[in-house]
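Before any comments, here is the structure.
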Amino acid sequence: MSQITHPNLFTVAELTTAVNKLPLMPLRLSGLFKQTGVRTTAVALDIQQGRIVLVQNTDRRSNPEHLGGRGSTRSTKMLQAAHLPLADTILPDDIQDVRDFGSAEPMGPETVINDRLQTLKNSVEMTVEHHRLGAVKGVVYDADGSTVLHNLYNIFGVPKKTVDIAFPDNVPIKTNPLLKAILDGKRHAEQKCGGLPITRFEALVGSDFYDALTGHELVREAFELWQANQQNWGDNDYRRRGFTYGGVTWIEASEVVNGRPVVEKSKAHMYPVAPGVFETFYAPANWMETVNTVGLPFYAQMWARDGQRGYELEAQSNPLCVCTFPETLVEFTAK
């Protein structure tokens with residue numbers, strides 16, 4: 001254990017650098033959110049509630065058209081970043097007489113620290129993903145799934161858009177009520193985006209909704225064509241993420257976390273993929289070394305237990321996950 005007790009080893013800075021270099025989990029929503037470090041534990045969001053005004057062509061010698069109050073009104077909301085710490089204990093027996101994997105050599109303390117950091121980071125990172133999922137739905141919940149951290153609809157003062165989709169048993173060949181309902185929701189989001197350059201639309205889908213959509217006679221042919229063509233797309237092609245239909249990529253999210261489904265079985269949550277819509281702000285850790293510094297995605301530190309009987313290891317993240325255009329979010333319900 002002598003290597004650990006050296007005063008210049010395993011400082012907050014070094015462990016924080018180490019934990020940020022550890023591999024990330026392959027999480028679904030991490031690439032959707034822009035990540036920004038901030039120096040404060042609360043983030044001020046300037047909310048612009050206005051619209052785009054088309055400017056009429058005029059004679060170059062005439063005066064410009066006056067906006068006349070038709071522009072944006074501005075308000076500022078202060079949102080508190082979450083504090084997500086997680087700790088573990090490293091005991092001498094965790095290292096003593098333990099061989100490195102696939103080796104006859106004894107395990108070093110650095111290996112134990114690295115393994116524990118990865119375990120802590122995975123749990124914290126999954127919790128951040130839980131917050132991202134809440135931002136995609138419009139309401140960010142705590143880990144218990146019931147305590148509301150941020151209701152983005154209330155904060156931004158916009159109503160929640162819901163669309164019911166009926167999956168009829170028999171429909172005339174010339175009509176497609178499924179496609180109409182999808183396009184209605186998509187058009188609503190496009191209207192509310194206020195001119196944002198939307199790359200595409202995606203939706204996280206519960207298992208019952210996904211089965212009803214992909215198995216319906218009006219959609220089955222398109223779904224089978226998508227399945228047959230997956231091998232022709234590159235690894236980074238968005239069409240690999242899910243089944244695209246009606247201009248929306250439907251991504252099944254049937255996982256169960258802490259006994260709760262990630263997405264309710266009969267629901268689908270649609271969102272635009274566009275710059276500036278989804279943001280994760282990271283506040284600094286609650287340690288003296290990090291006061292008023294720019295926040296990082298993860299932090300770690302270690303300190304000795306009484307009597308040098310091991311070490312305490314802590315990892316944490318301090319995220320604020322938001323959707324800056326919650327009026328563009330659409331919740332579909334299968335009926």
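The values are calculated or read from the model by the stated rules, or taken from the named source; none is laboratory data. What you see is a predicted model, and the numbers here were worked out from it, not measured in a lab. Cβ sites come from the backbone with ideal geometry, for glycine too, and all protein chains shown count toward neighbours.
Among the candidates T89, T58, the residue that is surrounded by 10 or more Cβ atoms within 10 Å (Cβ to Cβ) and modelled with pLDDT of 85 or more is uniquely T89.
If only residues of the stretch 228-283 that are surrounded by 14 or more Cβ atoms within 10 Å (Cβ to Cβ) and of a type in the set (D, E) are counted, the one that is farthest from the chain's Cα centre (by Cα) is E264. Going through (1) out of contact with any strand residue (DSSP E or B) (no Cβ under 9 Å at 6 or more places or on another chain); (2) at pLDDT 90 or above one by one, I198 falls short only on (1). Of all residues in the stretch 99-108 being over 38 Å from the mean Cα position of the chain (by Cα) and part of a loop (DSSP other than H, G, I, E, B), which is modelled with the highest pLDDT? Of everything passing the filter in the stretch 99-108, E105 is modelled with the highest pLDDT. Of the residues that make up the stretch 302-314, is at least one touching a helix residue (DSSP H, G or I) at 6+ places or on another chain (Cβ under 9 Å), assigned by TED's automatic domain parsing to the domain that holds A13, assigned to a loop (DSSP other than H, G, I, E, B) and in contact (Cβ under 8 Å) with a residue 12 or more places away in the chain? Yes - at least one qualifying residue is present in the stretch 302-314. The condition (being closer than 17 Å to L329 by Cβ and in the same structural domain as R39 (by TED's automatic domain parsing)) is satisfied by just one residue among V128, V136, V124: V136. Here the stretch 10-23 is the region considered, the condition is being touching a helix residue (DSSP H, G or I) at 6+ places or on another chain (Cβ under 7 Å) and part of a loop (DSSP other than H, G, I, E, B), and the residue that is modelled with the lowest pLDDT is F10.
Can you confirm whether the stretch 261-271 contains a residue that is out of contact with any Asp or Glu (no Cβ under 8 Å at 6 or more places or on another chain), part of a strand (DSSP E or B) and either basic (K, R) or in the same structural domain as E190 (by TED's automatic domain parsing) (or both)?
no
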